[in-house]
Amino acid sequence: MSAQTMIELVGVRKSFGKLEVLKDITLGVAKGSVVALIGPSGSGKSTLLRSINLLTVPDQGFIRVGEQALDFTGGHRLPGDRELAAFRARTGMVFQNFNLFPHMSVEENVMSGPVTVLRMPKAEARLLAHGLLAKVGLADKAAAQPDKLSGGQRQRVAIARALAMKPEVMLFDEATSALDPELVGEVLAVIRSLAAEGMTMLLVTHEMAFARDVADRVVFMRDGCVVEEGPARQMIEAPSQPATRAFLSHFHNGLGPS
Amino acid sequence: MQYQWDFGFLLQYKGLIGVGILYTLGFTIGTVVSGLVVGCMIALARLSNMRIATAVMTGIIEIFRCTPVLVQLVWVYYALPILTGIELSPSVAAFITLTLYGASFFGEIIRGGIISVDMGQWDAGRALGMRRHQLMGQVILPQAFRRMVPPLVNQAVLQLKNTSLLSVLAVPDLLYQGQLITSASYRPLETYTMIAVIYFIILFPLTRFAHRLEARMSH
């Protein structure tokens, strides 16, 4: 694949016990593009996302993010703690349940990555945090505790925290699934602005209209395999595989303009 | 029965009593600190994926949790030297025993506190690129610690009470000094009442403190 491919997966396999969750996945994400990963629950899309920053370590396969690559094909030793941490520091991840650190204020959450991992001086990290909080529309919440925020605000803090590491790619694992419907829009708006800035992103999502409008490409997974992938609008509106059509038929009444 | 209470005579033994209090508090504080250190190592070993370390630590913990401290004290002081050929002074034997006994409970409290932290917190710290020790120090332990403090204080209270068993090895703790005073004064009633009151005065604020912490945690 070309140097313009930011994320590259080749032959990635993962099993939990006897259950094979990822069956030989090969996937590329072009630099600056947005790829939506859709599929029924249990299809392996979250596991795939987590294997890109090695929160789940694959059993087999090759993974490259930017300049960093790790090979898990037979005989290669598992990466150590230092290697894993360095690899993960270059990717940002946003989780379904936000996972903010409850014992830290909002700005401390955003500062935690740069201060702890990059050894950035606190004053500099605070400036960075305030800039990012302003960017996600939460400049006035810097001193708040996470438990005083709404779900949508928490998720925006989580996005700011991930961005503070100046990642090359952002991974979103069902970032709006735990939110009340009226709070989804503010989080999607932040993701949309990141897309406009040219951030490379891979999103696991159930927001089909959002996938159609914001993603460049859509990947449909089922049973640990990539069934079909293609340009977003074509994939959502006119998929070629029966399995994709069957899955998307559950969403069609919700596919208005987002 | 008409008993003439007279606590006045105890004043002449205040030096002995003072030494007893110092030994009781000293052994408590010392073995709580050493027990926490060893307990931390036990917890981390059990949380690691090292099977052998986990098995060994689990074995040690069960031995200390499932035998009485008094038996452990006597065994370490009288039986261990026969096995190893190393004579231990009563204080050293007592210190080792109480450390390991405390550690076996502290270790389980610490481990429980750590595993009670949501898995999402581990994910979030790892995703930022934190090393294992950074994740522990910055994210997991600060959250786990808040949950550990009340049970750790309770265990420290038990640890202080257990120091009274040191008297069987003639370590001059509070109870042992009471026995000395009784044998000299023939007044067990006043002496042991005073000993009990001293334990109470030390421990009551500590248990209140643990209660208050627990109440605050449940909010």
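Tell me, which residue of the stretch A:116-134 that is under 26 Å from residue A:52 (Cα atoms) and surrounded by fewer than 21 Cβ atoms within 10 Å (Cβ to Cβ) is nearest to the other protein chains (Cβ to nearest Cβ)?
Of everything passing the filter in the stretch A:116-134, A:116 is nearest to the other protein chains (Cβ to nearest Cβ).
Residue-by-condition table, conditions (1) modelled with pLDDT of 90 or more; (2) farther than 29 Å from residue B:123 by Cα:
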{"site": "A:164", "(1), (2)": "yes, no"}
{"site": "A:172", "(1), (2)": "yes, no"}
{"site": "A:193", "(1), (2)": "yes, no"}
{"site": "A:230", "(1), (2)": "yes, yes"}
{"site": "A:236", "(1), (2)": "yes, yes"}
{"site": "A:253", "(1), (2)": "no, yes"}
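Going through the stretch B:91-113 one residue at a time, which ones are surrounded by 22 or more Cβ atoms within 10 Å (Cβ to Cβ), in contact (Cβ under 8 Å) with a residue 40 or more places away in the chain and of a type in the set (Val, Ile, Thr)?
Answer for the stretch B:91-113, where residues must be surrounded by 22 or more Cβ atoms within 10 Å (Cβ to Cβ), in contact (Cβ under 8 Å) with a residue 40 or more places away in the chain and of a type in the set (Val, Ile, Thr): B:99, B:110.
Could you list all residues from the stretch A:163-188 that are without any contact (Cβ under 8 Å) to a residue 60 or more places away in the chain and touching a helix residue (DSSP H, G or I) at 6+ places or on another chain (Cβ under 9 Å)? Working first, answer last.
So the first thing to find is which residues in the stretch A:163-188 are without any contact (Cβ under 8 Å) to a residue 60 or more places away in the chain, and the list is A:164, A:166, A:176, A:179-187.
A:164, A:166, A:176, A:179, A:180, A:182, A:183, A:184, A:185, A:186, A:187, listed by residue number.
Just to be sure before I move on: is residue B:119 more than 11 Å from chain A (Cβ to nearest Cβ), open to solvent by 20 Å² or more (accessible area, probe 1.4 Å) and over 20 Å from the mean Cα position of the chain (by Cα) in the structure I sent? Before the answer, list the steps.
Numbers: more than 11 Å from chain A (Cβ to nearest Cβ): no; open to solvent by 20 Å² or more (accessible area, probe 1.4 Å): yes; over 20 Å from the mean Cα position of the chain (by Cα): yes.
In short, no.
Among the residues of the stretch A:135-149, write down those that are open to solvent by 30 Å² or more (accessible area, probe 1.4 Å) and out of contact with any helix residue (DSSP H, G or I) (no Cβ under 6 Å at 6 or more places or on another chain).
Within the stretch A:135-149, A:135, A:137, A:140, A:143, A:145, A:147, A:148 qualify.
Yes or no, residue by residue, for (1) among the β-branched types (Val, Ile, Thr); (2) in contact with a helix residue (DSSP H, G or I) (Cβ under 7 Å, 6 or more places away or on another chain); (3) away from chain A (no Cβ under 14 Å):
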| residue | (1), (2), (3) |
| --- | --- |
| B:125 | no, yes, no |
| B:158 | no, no, yes |
| B:171 | yes, yes, yes |
| B:204 | no, no, yes |
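Please count how many residues of the stretch A:59-88 are of a type outside the set (A, V, I, L, M, F, W, C) and either under 17 Å from the mean Cα position of the chain (by Cα) or farther than 24 Å from residue B:134 by Cα (or both).
We begin by selecting, within the stretch A:59-88, every residue of a type outside the set (A, V, I, L, M, F, W, C); these are A:59-61, A:64, A:66-68, A:71, A:73-77, A:79-83, A:88.
So of that shortlist, the ones also either under 17 Å from the mean Cα position of the chain (by Cα) or farther than 24 Å from residue B:134 by Cα (or both) come out as A:59-61, A:64, A:66-67, A:71, A:73-76, A:88.
Of the residues in the stretch A:59-88, 12 are of a type outside the set (A, V, I, L, M, F, W, C) and either under 17 Å from the mean Cα position of the chain (by Cα) or farther than 24 Å from residue B:134 by Cα (or both).
Grab the strands (runs of 3 or more DSSP E) fully contained in the stretch A:16-97, keeping just those with 3 or more residues being away from every other protein chain (no Cβ under 14 Å). Full working, then the answer.
Working: elements: A:19-30, A:34-38, A:60-65, A:68-71, A:91-94.
By residue number, A:19-30, A:34-38, A:60-65, A:68-71.
Quick check: is even one residue across the stretch A:150-162 touching a strand residue (DSSP E or B) at 6+ places or on another chain (Cβ under 7 Å), modelled with pLDDT under 95 and on the phi < 0 side of the Ramachandran plot?
Checked against the condition, which is being touching a strand residue (DSSP E or B) at 6+ places or on another chain (Cβ under 7 Å), modelled with pLDDT under 95 and on the phi < 0 side of the Ramachandran plot, the stretch A:150-162 yields no hits at all.
Quick one: how many residues across the stretch B:122-134 are out of contact with any Leu (no Cβ under 8 Å at 6 or more places or on another chain) and surrounded by fewer than 22 Cβ atoms within 10 Å (Cβ to Cβ)?
Our first condition is that a residue be out of contact with any Leu (no Cβ under 8 Å at 6 or more places or on another chain); within the stretch B:122-134, this holds for B:128-134.
Right, trim to surrounded by fewer than 22 Cβ atoms within 10 Å (Cβ to Cβ) and you get B:131-134.
The number of residues fulfilling the criteria is 4.
Looking at A:189, A:209, A:196, which is the one that is closer than 30 Å to residue A:133 by Cβ, surrounded by fewer than 17 Cβ atoms within 10 Å (Cβ to Cβ) and in contact with a Leu (Cβ under 6 Å, 6 or more places away or on another chain)? Reasoning before the result, please.
Details: A:189 fails: in contact with a Leu (Cβ under 6 Å, 6 or more places away or on another chain); A:196 fails: in contact with a Leu (Cβ under 6 Å, 6 or more places away or on another chain).
The match here is A:209.
Just to be sure, is residue B:26 in contact (Cβ under 8 Å) with a residue 40 or more places away in the chain and open to solvent by less than 80 Å² (accessible area, probe 1.4 Å)? Reasoning before the result, please.
On the way: in contact (Cβ under 8 Å) with a residue 40 or more places away in the chain: no; open to solvent by less than 80 Å² (accessible area, probe 1.4 Å): yes.
Judged against the criteria, residue B:26 is not a match.
Filter the stretch A:65-105 down to the residues that are more than 17 Å from residue A:172 (Cα to Cα) and small (Gly, Ala, Ser), then identify the one that is most open to solvent (accessible area, probe 1.4 Å).
A:75
Looking at the stretch A:212-226, which of its residues are over 13 Å from residue A:248 (Cα atoms) and in contact with a helix residue (DSSP H, G or I) (Cβ under 7 Å, 6 or more places away or on another chain)? First the steps, then the outcome.
As a first pass, look at the stretch A:212-226 and keep what is over 13 Å from residue A:248 (Cα atoms): A:213-217, A:223-226.
Of everything in the stretch A:212-226, those that are over 13 Å from residue A:248 (Cα atoms) and in contact with a helix residue (DSSP H, G or I) (Cβ under 7 Å, 6 or more places away or on another chain) turn out to be A:214, A:215, A:216, A:217.
Would you confirm whether or not the stretch A:170-185 contains a residue that is hydroxyl-bearing (Ser, Thr, Tyr) and under 20 Å from residue A:4 (Cβ atoms)? Steps first, answer last, please.
Narrowing the stretch A:170-185 to residues hydroxyl-bearing (Ser, Thr, Tyr): A:176-177.
Right, trim to under 20 Å from residue A:4 (Cβ atoms) and you get none.
Scanning the stretch A:170-185 turns up no residue that is hydroxyl-bearing (Ser, Thr, Tyr) and under 20 Å from residue A:4 (Cβ atoms).
Using the structure shown, decide if residue A:153 is open to solvent by 20 Å² or more (accessible area, probe 1.4 Å), farther than 21 Å from residue A:48 by Cβ and in contact with a Ser or Thr (Cβ under 9 Å, 6 or more places away or on another chain). Before you say what the answer is, go through the steps one by one.
Values: open to solvent by 20 Å² or more (accessible area, probe 1.4 Å): yes; farther than 21 Å from residue A:48 by Cβ: yes; in contact with a Ser or Thr (Cβ under 9 Å, 6 or more places away or on another chain): no.
When the stated conditions are applied, residue A:153 does not pass them.
Just to be sure before I move on: is residue A:108 open to solvent by 30 Å² or more (accessible area, probe 1.4 Å), touching a strand residue (DSSP E or B) at 6+ places or on another chain (Cβ under 9 Å) and more than 8 Å from chain B (Cβ to nearest Cβ) in the structure I sent? Talk me through it step by step, then tell me what you get.
Numbers: open to solvent by 30 Å² or more (accessible area, probe 1.4 Å): yes; touching a strand residue (DSSP E or B) at 6+ places or on another chain (Cβ under 9 Å): no; more than 8 Å from chain B (Cβ to nearest Cβ): yes.
No: the conditions fail for residue A:108.
Any residue that is basic (Lys, Arg), open to solvent by 70 Å² or more (accessible area, probe 1.4 Å) and within 30 Å of residue B:16 (Cβ to Cβ) - is there at least one of those in the stretch B:194-214?
Taking the stretch B:194-214 and keeping what is basic (Lys, Arg), we get B:208, B:212.
Among the residues that remain, those that are also open to solvent by 70 Å² or more (accessible area, probe 1.4 Å) are: B:208, B:212.
Still in the list and also within 30 Å of residue B:16 (Cβ to Cβ): B:208.
Yes: one or more hits.
Pull up the stretch B:52-90, narrow it to residues that are hydroxyl-bearing (Ser, Thr, Tyr) and within 19 Å of residue B:172 (Cα to Cα), then point me to the one that is most open to solvent (accessible area, probe 1.4 Å).
Step one: list which residues in the stretch B:52-90 are hydroxyl-bearing (Ser, Thr, Tyr), which gives B:54, B:58, B:67, B:77-78, B:84, B:89.
Add one more test, that the residue is within 19 Å of residue B:172 (Cα to Cα), and what stays is B:77-78, B:89.
Numbers: B:77: 58, B:78: 128, B:89: 54 Å².
Checking each candidate, the answer is B:78.
Looking at B:155, B:143, B:159, B:179, can you tell me which residue is open to solvent by 50 Å² or more (accessible area, probe 1.4 Å) and either assigned to a helix (DSSP H, G or I) or modelled with pLDDT of 90 or more (or both)? Show your work before the answer.
Working: B:155 fails: open to solvent by 50 Å² or more (accessible area, probe 1.4 Å); B:143 fails: open to solvent by 50 Å² or more (accessible area, probe 1.4 Å); B:159 fails: open to solvent by 50 Å² or more (accessible area, probe 1.4 Å).
One residue alone meets the criteria, B:179.
For residue A:42, work out the one condition from (1) open to solvent by 30 Å² or more (accessible area, probe 1.4 Å); (2) farther than 22 Å from residue A:208 by Cβ it doesn't fulfil.
Tallying (1) open to solvent by 30 Å² or more (accessible area, probe 1.4 Å); (2) farther than 22 Å from residue A:208 by Cβ, residue A:42 fails exactly one: (2).
The values are calculated or read from the model by the stated rules, or taken from the named source; none is laboratory data. Since we're looking at a predicted model, the values are computed, not measured. We place every Cβ from the backbone using ideal geometry, glycine too, and count neighbours over all the protein chains shown. Surface accessibility is based on the protein's heavy atoms, side chains included, excluding ligands, DNA and RNA. Shrake-Rupley method; radii C 1.70, N 1.55, O 1.52, S 1.80 Å.
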